[in-house]
Every structure is written in structure tokens, then in C-alpha cells.
Amino acid sequence: MLRLIAHRLVVSVALVFVVSLAAFLLQSAAPGDLARAILGQNFSVPAYEELRHQLGLDQPVLTQYWNWLRDAVHGDLGSSPISGLSVADEISHRLPVTLSLIGCATVVTTFAGVALGVVSAVRGGRIGRVVDVLSLVGYALPSFWFALTMVTLFAVTVQLLPATGYVPLGTSPAGWARSLVLPVATLALPGIAVFAKQTRDAMLDALSRDYVTALRANGVPERSVVLRHALRNAAIPVATLVGLTFIGLLSGTVFVESVFAMPGLGGLAVQATSLHDIRMIQGVVVVFTVIVVAVNLLVDLAYGRLNPKARIR
Amino acid sequence: MTAGVEEFVARGVRPGRRWRAALRRPLALLPLGYLALLVAGSVLAPVLAPASPVATDLDHVLAGPGAAHPLGTDALGRDVLSRLMYGGQVSLLHAAIVVVTVIGVGVTSGIAAGYLDGWFDRAFTWVVDVLLAIPVLMTLLVVLAVVGEHQTVVMVTLGVLVSPGLARVVRGATLAVRKELYIAAARVSGLPHHRIVTAHVLPRIAGPIIVQVSLLAGGALLIDAGLSYLGFGAQPPDPTWGDMIAQAASVIDRQPWLLVPPGVVLGLAILAFGLLGDVVRDATAEPRRNRPHGAHRAPAPALTPREERSTALLSLRDVEITLPGGQVLVEDLDLDIGRGETVALVGESGCGKSITGRAVLDLLPAGGAVTAGSVLFDGTDLALAGPRAIRGLRGSRIALISQDPVGALDPVFTVAHQVSELVRLRHGGSRASVRERALGLLRDVNLPEVVARRYPHELSGGMAQRVAIAMALAGEPSLLIADEPTTALDATVQAEVLGLLRRLQEDRGMAILLITHDWSVVASSCRRAYVMYAGHIVESGAVGDLLAQPRHPYTEGLLGAMPSRAEAGGRLAAIPGTVPEPAHWPRGCHFAPRCPLATAQCRSRRSPCSNPPPGTAPAACTTPSCPPGETVPLLEPPLPEPPLLEVHGLRVGYRPHQPVVDGVDLVVRPGETLGLLGESGSGKSTIGHAIVGLVRPAGGRILFRGADITHAGARQRRALSTHLQVVFQDPHGSLNPSRTVGSTLAEPLRVVRRLPRRVAEARVTDVLKRVGMPAAAATRYPAAFSGGQLQRIAIARALVLEPQLVVCDEPTSALDLSVQAQILNLLLDLQQQLGLSYLFISHDIDVVRFVCHRVVVLRGGRIADHGPVPT
């Protein structure tokens, strides 16, 4: 287990390096650089050279990367050449929105999906087919399209919930919850079906094992067989799914924030992309990568707790 | 019903290539048709579209569907249908770019990593770990920010970013196939690697690849549309599906309809890819082991209370066990067990022994049930009592232990936890008293206290079986059903567990129903036995009588097939054929088709087992006993000749300082059989693998006819393949399921020997005849044969290159007793006819004693004993 975590940490650090370095290399390979982007269409060559020097763009790429990395370790991700805002500040403003969205969506997905999966494994039949259909629909529906449909139904037609915007938790917990209902529902839908299916398969597998027969033969009550023994075994493959779902939601949130006009990191990344604000989006990518790494580590720890075979003795 | 039919149809086609048939099924035709329609509509848009995609008509903005505009118009009055068709061009092209990239990067690297193993695989796993944690969409946004207008670059990047997922699946599938015995056999046959990958690996993993690529294609459509929805797609006014949704969103309050056409077309396209993936996956996935308990119920039973009372603890009368489909598994079964008695139920696999044991506890798989007769336990008829009453007996009155001891324990809880749970259930009490009692149970089965803290995977098979017994004892049952309790264990451990069961039975007065196929277990543990064949009890009585004077030809045949009762150098009195499946049971006596004494009467009706002449045990056969099996002339002991194979100081180790084989010397002479006897983990198979080149020795020398082959290269191995061959334990794994028997047998002749097709085919027919298979077997797939027939074919595959030495790696231990006898006889016949030498690896001393001239005994990777076979 310790070895696994050490391995994971090494991979994680490598990952953050690779991602940030790749972003840097891409940037230098791009036609037209930062200085030109700032100066616009009409500029004089001396002014351009001057700006390049100011921004450090005349140095070799790896030197630039080293400077950026040195600052990044101290929490300074530079500032946007387009808006002039500090990248780190901008990200820390928007991080709570995205984390609320993804966190709530993960919790909803996991609990609803596992419950549905267990019920469909034990009861089978109709609920099983509902899960099958739901998982296909969840896979096929483009999230942004689904979000728009939800807005049409619940915000425009019925006017039950706010169509757009975000209320911080500190301002009004009720408002925060109301503003999250539609986006979280949109984010969670595809994942619930995936979870339900995976949980059902894992449960059916566990229930077909010899130890379940042995437990039944020893007179262990069915409740305990299903909820204690089978579910505990089924939780092992499902735990890895939590991590994958979370990472998948990082992509989903980009669309959902855009549809619901939530001031989160996804929206920031889209905005930065359309402005070719590479500094900003690079910061967002690094933060996202760090989040992924942290979540993967948590999943590994959970996996180790659930699966005795992965534990060190 | 339909599921059953589909399954049957799927079985009829070439296994491993089921996906091809799957794509022709109606469920697959629908999505395929829809995708074809999309492609046609997009490609032919310039011809078919009713209007230009950019032609505005400001008089008809936001029109609903109508005659002029079948799907209405958008905010600029542009025809929605035309825009959809043109938009499809971009989306489908992008999806195609992603798919091509993914196949190029993911499939190639996955196969390479899975097949090559070693450092490449480790590097691959590392890179995939890194890439899998990259947030895909974010990275795409970076690329977009830099190269915005080059959509192809963006799509290729997307392909590369999603490749690791596919590559991992492909690696896993390749690794699984690479470990199959038929790949090992192909390597021993001298086939080059590229041939093995293209002919044996790729066809097997095509199914999972198609599934993944199909799902990825859907995902690519989704991301492509998403990007254009965010405004990073083709620039207006050119249409894309995502952009159409974005524009619809801006007029959502005025014309919600506009959301429908692009959303539905896109959603259905993704759905089509998803469905295709599902269909192929369902067709190629291995069938589930069994359905969850209670999902189906058997047909309504016709049970009547029994008149006669019984003094036996458990008494079965006229019991019939049926599956939900009406398939009868056990018929007219009578069985009695007295209090404190140990009774054996003997027979080969597929005879219904385990089914009978489980039926008593209502633990039949797939919803089977007792549908006729009575099951009296301590005066209560369980067949009438219903599931709730039986559940009350489980553990407290009747307990069960089974064949796979480690699998019978829940892998996520410690031993103490599992035993304590049952103690708490039965006796309750404080934490400390539960713990004390649980530890007491473990002491009762001779386990040290440290075992309590272990998890099942940290236990040996013998320890795990003791834990299972301790758990079964927690409720102090009066009957223990022991289903092949020692079959998976080594000989010494087997004796210990049987001894433990005997002691517990004496101490506690517990009755045991011992289900087994092993007569030596019966002889050592039971006084009375029932012999079962194809769902019937054919004979019962005192074990001594059964062994000395079997009355039913099946019992006699089984005993005759035992190597321990045969004369060395002779042949076993093998029963021809195999146990039939319940669906193919004959009408009269089920044994009649295999019985040398069967009469017309036997074939028309079965003699009941119930009315024995006074003073004799019941048997279901009235035909007089048959003459003893004839003996074939004794095999000449081989003359001392220069050795064929010499092994000197062989060492094999996967980790330094932990040799699996440590300094083994052995010699095989022409025409002789050298037995390599050892328990599991003794290193005997590893020696065999080192000789045929499947593992790399760490030290020592292997000489074949004087030439050093210890580190033979590919070329030398290929030359060697015509001298040295191998037969594995598992006959099902050692033939490629997706190729005909004929093509598997001909392959080394064509590829290694470079023989013309006609000559190779003639040779295949020849070899098949030699192993007792008809020439027609060449045109069929392995799935069509039973285990014994497959082992004959595997022997044919080893013989096709006319080797002098065949390494037989436990060639009969996966087979039933009667089939084992056939294969052993065949090996002896072939040796006599062809002058073959065998290195015969086995854990079974009786088998080794029967077939070998000399024997080497291995323990812990070293030679413990050697010499001529003791008689």
C-alpha cells in the first residue's frame, strides 16, 4: 500500500510537470506570441521587442518555464496579459463555485447510483431494465443540451428554480442550494446510470461467489449477506469509479457552468480560451491537475482500506 | 426465452468472433442503419439538402416544421434540415479523425505492452497512469487557445488524450490471451511472434476493441459538439450541430422547438454508437456464472407428504430436482443418513452429486428446486416446509462446506470477524465471550491463534478449509454436507482434513454427507456409500462390498479406471465416452450407451434400485457382472541408451534468492517415461516449462540429444519444435477457441515445416486417427468437444510435428476418472507404437506409478527422492 501511494505520488508530480511543461511548449510553438496578442494588430517592432523582453519571452523556453515554476511553487501563477488580473487570485475566487458543483454532483451520483444498483441487483427485472435505459440515455444526451432542456422546463415554463447564476454559500445557504439544483442534476445524470450499472454488475458478481453460498448455508440472514458482505465486496471496484467520475465531472462542469452562467473555473477557462489568454488557462489546467491528483490519492487510500489484498502487512 | 435462443445462436457461431454475428442482429442493424443514414445525408448534402445551409430568409424566421421547411427555420430564417445535413459533415469527419488516431495509438501500444511484457510494459503502464489523470477537456482548451483554427490538430489531440483508456483495455485483453495455454503451445510449436499476434491474439481481442472504439466514437461526437457549442468550432455562418444548439439556446424563450432537431440527431448518433458497443459486448462477454439466488423459481412442484416414517436423520425418497426450464437434473433419488453416520455420495462430475447436496439446503443455483419426492430431516419434510423453514435450519442443524476453501470465505473480512459473526448469530453474548468462543472453534480445527487475524488470501487451502469447517461448526449442526472438501488440496493436507472431519464426527456425533469422486477418500472415511451416475443412484451399500464386488457395471467401470488398482504396464479398463449432459440422457438406463453389457431391455427402461434381493445391497442393474477387462502385453522396459534429455543443476527463479527450482538433475532416455511427482508449488511444472522454453532458466544446463538448449534462440527453438513438444493440464485452454481443430493442427506444419496444404491436411487426418478421433473433427471448433476429446486433440497437436519427447504437464488431472483412464491408455499405446519418450508431470502417485518407468520426487524445488517406480 505504501509503495502504491509512493508510486502514485511520483506519477502525480510527474503529471503536474508534464502538463505545465506541455502548456509552455505549446505556447512557444504557437503562431504569434503573448506580446503580439497584447499589442494587437498594429505595433512597432521596437515596442514589440521591448515588450518581449519585459515579459521574458526572449529567453529560452526552458528558462521561461523554470521562472514560471519557481513562482508557481510560491503560489504565484503570474498575471493575465489580457486582463492584467492575477491568475492565482482569479482562480481562488472561482474555485468554490466549481468545487461546490463537482462535490455535490459526486455525492449525488455516488449515493443515487449505488442505491439504484443494489436494488436492481437484488430485485432485478423491471428496475434492471430502467437502469439499462437510463444509462444509455445518460451516455447519449449531450449535457449542455440536457441543461438547456432543464432550463426550458423548470426555469422558463414552470419558473420553479433560477435559470442561471450562483449564490455563495456564505450569502444564503438556501439560495446556494437552489442555484445548484439544476446544474448538479445535469452533471449527475450520466454518472448515476454508470454507477448503477457498475454497482449492479459488481453486486451480481459478488452474489454469485462461493462465499455467499457458504454464508447462506451457515444461516446468515439475507440482509447481512447483501448489505454487509456483498456490498462491501462490490464497493472495491465501485470506489475506483468515484475517482473516474470526479475527473469526468471536471470536463462536464465546463459546459454546465457555461449554460447556467456560473462564475466557476470552467467558465474562466472558456473565456480565457476564446481570448487566447494562455497564461490564465495554463493556471486553470495546473489547478485542475492538482485536484485530479488529490482525488486519485484519496481514492487509492479508500481502495486500500476496502481491499485487504492491496494493504501492506 | 429470447435470451436463451440468442445465447444458443451465439454458441453456434465461431466463439471469439461472436461480434461478427452480433453485428448482424436486428438490435445492431438499427443503430448501424441510423449511422449509415447520417453518413449518406451528410455526404450527399449538396445533392439532397432542400436549401443552402447559409441562405437566409428573413420573412420566415423561427418557423416551426412545415411544408417549405420540414424542420423549420432558425433566427435568420435558414433551413434547419439543410444545416443539419451540412453540419453532419464536420461532426462525422471529426469523429472519424478521433477514431483513427485512437486505433493507431491505443490499439498498437496496448497490444505491444500486453504481448511483449517486460520493461516496455512497465514504461507503458507508467505513461498510461500519467495520461489518464489529465483533464481531457481542459487540455483541449489549451490546445484550442494556441492553434484555434486548426480543427484537425484539435481532434488528433483529442484522440491521443483518450487513447490511454483504450490502450489499457487492449493491454489487459492481450495479457489475458497471452497467458492462455494455446499461445504457449503455439510458441512451443515454433510459430514466430508476428504470426501469433495476428492469427491468435488479434481475433480474440477484436470484440473488446470494437466495444471501446464504438463508445469513444460517441464520446468524440459529444465533445466535438460541445466545443462548437462553446464557440470553438467552425466559424459562422458554417453550420455545426453544437453551434445550432447554442443558437437555439439564445432564442429558447421564443422558439424552444429549435433545440429539438440538433439535440435529437446528435443524441441518437451517440446512442447508436453506445448501442453498438452494448450489442458487441453482450455477444462477446463470457456468460455469467449463475443467476442471483431466487431470481427465478422452478415449475410448481408436485409434492405429497410421505406416509412411512423414518428413523434416519436425513431421508430422501423419490426425489426429483428440476431447473426452471423444466430440465430434470436428478431423478428418483433415495438416500438415507443415520445420526452420527458418515455416508459417501460418489460419482464423476456432472452426475448430480453437488446438486443433491445443495437441494437439501435449498441452495440450488439458477432457481432449481425439489419438484417431487420427500426430503425428511429429523421428521420434518423439507420439500413441503418451504424456504423459510429451510433457512431456519441452515447453519444451526445442517451446514455445508465446499470444494474451493479460499473462495468460500469473504475476502474482505478477517477470519476472526467471519467466525465471530456466526457465533454472535447463534449464541449472542458479550464481545469477549463471542471472541473466546470463536477462538475456541479455531482451536477445535487445529488452527493457531494467529490465523484469526488473517484475511482469506493469506491462508493456504488447507487452513482455509479448516476455517470453513470451524464456521460450519459454529451452529453445532447435526448434519454436515461436505461437497468435495479435499479435492482442491494436496495429498498430505487432504489426509489431515479428512482426519479432522473424522475426529469431529466422533467427538460431536455429527452426521456427514461426503460428496466426492475419489474412491480413496471414500474408503478411508465412510462405511456406506451411494454411487451416482447421470442423475440416478445406480448402486449403494457398504464400502467394502462396493470395492470388492461392484454390482453395477458403472461402479465396476469406475473402479477399473483407477490406476491404483491396475497392473503396471497393462491397460486400464476404461469406460468409453463421457457422462452425458442432462439434456442428452437416454431413455432407459442412463449408463446403457457406455455399458458393454447393455441389452435392449436396458435401453428401453430402467431397473429400479429399490428392491434388492434379501441380504444384498441395492443396485440398479440386473444384468450379470461382466468378465474382467483384458490385459495388454506388458511394456518392455527400455534398454539403457544414450539419453534424449539431460538436465543438470537447473535453477529457475522469478526473484533473486527465491528459486522455484533449485539444482535439479534428471535424465530421460529414448522410449521411457520419467515421472516428475510433487505437490503444488514443488516446481514440477516450472521444470517442464523451462525444458520447452516457456520460462528462462537462471542457471544450470538443459541438453537435448547432447546439444545445449538452455538458452536456445528463436531459430533453434523452431528447429527443436519438431523434436520436443508439450501437452498441458487444461484441455479447454490449450486450443484456440476461434479456430477449427484442423487449422490449429495444420498451422505448425504449414508455417514451421512449410508443407503444402494437401500434405498437411493428410497428416492432420492421420494424427487425428491415431489419437482416436474421426477425420471430421478437423472441421469443427473446440467448443464442440468434451474435455476428454479435447485432450486427445491436444495430444494430436503435440504429435503432429513427430517429436521424440513429449512433456506431459498434468495431462489428466482436469479429467474425470473414466476419461483419465482413456487418456492414460492412449498415451501408453502411442508410446508403444511411436517409441515416444515422456516427461510425465503429476501430483498423483497412483497415476505416476501406473504410467512411468522411473520417478523423480520433488519437494520445494529440489529433488527429494528418485528411482524406479515402486510396485
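Just so it is clear, none of the values below were taken in a lab; they were calculated from the coordinates. This is a predicted model, so every value here is computed, not measured. Every residue, glycine among them, receives a Cβ derived from its backbone with ideal geometry; neighbour counts consider all protein chains shown.
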Between the modelled labels at B:Leu58 and A:Val181 (7 Å from Cα along Cα→Cβ) the distance in nm is 4.2
If unit charges are put on Cβ atoms (+1 for Lys and Arg, -1 for Asp and Glu) and the dipole of chain B is taken about its Cα centre, the option from B:Val752, B:Gly462, B:Gly368 lying farthest towards the positive end turns out to be B:Val752
In nanometres, the difference between 0.36 nm per residue of separation and the alpha-carbon distance of B:Asp829 and B:Ser524 is 106.5 nm
With -39,500 (n - 2.57) per DSSP H segment of 4 or more residues and division by the full residue count of chain B, the 222 nm estimate, nearest 500 deg cm²/dmol, is -13500 deg cm²/dmol
With Cα coordinates, the longest principal axis of chain B makes an angle with the long axis of helix B:491-508, in degrees rounded to 10, of 70
Mean separation of Cα contacts under 8 Å (at least 6 apart) over the residue count of chain B, i.e. the relative contact order in percent, is 11
In degrees, nearest 10, the alpha-carbon axis of helix B:241-250 is tilted away from the dominant principal axis of the alpha carbons of chain B by 60
Straight-line reach check, B:Lys769, cutoff 15 Å on alpha carbons, 8 or more apart in-chain or any other chain, hits among aspartates and glutamates -> B:Glu761, B:Glu802, B:Asp829
In vacuo Debye sum over C-alpha of the protein assembly as shown, base-10 log of normalised intensity I(q)/I(0) at q = 0.05 Å⁻¹, listed in q order, is -0.45
With the label point 7 Å along the Cα-to-beta-carbon line of A:Leu153 and a cut-off under 17 Å to each amide N, the hits in the stretch A:249-293 are A:260
For the protein assembly as shown, the charge dipole (Cβ of Lys, Arg +1; Cβ of Asp, Glu -1; about the Cα centre) points to a positive end, and the Cα of B:Ala51, B:Gly338, B:Gly392 closest to that extreme belongs to B:Gly338
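For a test of the definition: using alpha carbon positions, the gyration tensor, and the 1.5 limit on a/c, classify the stretch B:117-225 as rounded, prolate or oblate.
Values: a/c = 3.03, a/b = 2.26, b/c = 1.34.
Prolate.
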Where a ≥ b ≥ c are root eigenvalues of the Cα gyration tensor, a/c under 1.5 meaning rounded, otherwise prolate if a/b exceeds b/c and oblate otherwise, the stretch B:692-843 counts as oblate
Dividing the mean separation of Cα pairs under 8 Å (6+ apart) by the residue count of the stretch A:239-313 yields a relative contact order in percent of 33
Both in Å, the radius of gyration and Dmax of the C-alpha trace of the stretch A:201-309 are 20.9, 67
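Once you have a ≥ b ≥ c as the square roots of the Cα gyration tensor eigenvalues for the stretch B:78-143, tell me rounded if a/c is under 1.5, and otherwise prolate or oblate according to whether a/b is larger than b/c.
Working: a/c = 6.07, a/b = 2.31, b/c = 2.63.
Oblate is the answer for the stretch B:78-143, as a/c is 1.5 or above yet b/c matches or exceeds a/b.
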With +1 at each Lys and Arg Cβ and -1 at each Asp and Glu Cβ, the charge dipole magnitude of the stretch B:183-276 around its Cα centre, to the nearest 20 debye, comes out at 640
Percent antiparallel among DSSP beta bridges confined to the protein assembly as shown, rounded to 5, stands at 55
Note: B:Asn446 to B:Asp507 extended length (0.36 nm per residue) minus current alpha-carbon separation gives 20.5 nm
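Charges at C-beta only: +1 for Lys and Arg, -1 for Asp and Glu. How large is the resulting dipole of chain B about its Cα centre, in Debye rounded to 20?
Values: 81 positive and 72 negative charges, 233 e Å.
Here the size comes out at about 1120 debye.
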Using alpha-carbon coordinates alone, the radius of gyration and Dmax of chain B in Å work out to 33.4, 107
Taking placed amide H atoms and a strict 5 Å upper bound, the residues 5 or more places from B:Val855 or on another chain that come that close are B:Gly675, B:Gly867, B:Val869
Given backbone amide H placed at 1.01 Å from N, residues whose amide H is under 5 Å from that of B:Glu539, ignoring those fewer than 5 places away on the same chain, are B:Val531, B:Ala620
With -39,500 (n - 2.57) per DSSP H segment of 4 or more residues and division by the full residue count of chain A, the 222 nm estimate, nearest 500 deg cm²/dmol, is -25000 deg cm²/dmol
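Which whole-number percentage describes the relative contact order of the stretch B:546-610, with Cα contacts under 8 Å and a sequence gap of 6 or more? Could you put the intermediate results ahead of the total?
Values: 52 pairs, mean separation 15.4, N = 65.
Relative contact order here is 24 percent.
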One would report the antiparallel percent of DSSP beta bridges in chain B, rounded to the nearest 5, as 55
In degrees rounded to 10, the 0-90 angle between helix B:787-799 Cα long axis and the longest Cα principal axis of chain B is 80
One finds the C-alpha centres of the stretch B:142-178 and the stretch B:736-772 to be spaced, in Å, by 41
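Can you give the charge dipole size of the stretch A:86-232 about its Cα centre, rounded to the nearest 20 debye, using +1 on the beta carbon of Lys and Arg and -1 on the beta carbon of Asp and Glu? Please report the intermediate quantities before stating the final value.
Details: 12 positive and 7 negative charges, 110 e Å.
Charge dipole, the stretch A:86-232, about its Cα centre: 520 debye, nearest 20.
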Projected onto the charge dipole of chain B (unit charges on the beta-carbon of Lys, Arg, Asp and Glu, signs +1, +1, -1, -1), the Cα from B:Pro65, B:Ala619, B:Ala511 with the largest positive-side position is that of B:Ala619
Per-residue average of other protein chain Cβ atoms inside 10 Å, peptide B:139-152 -> 6
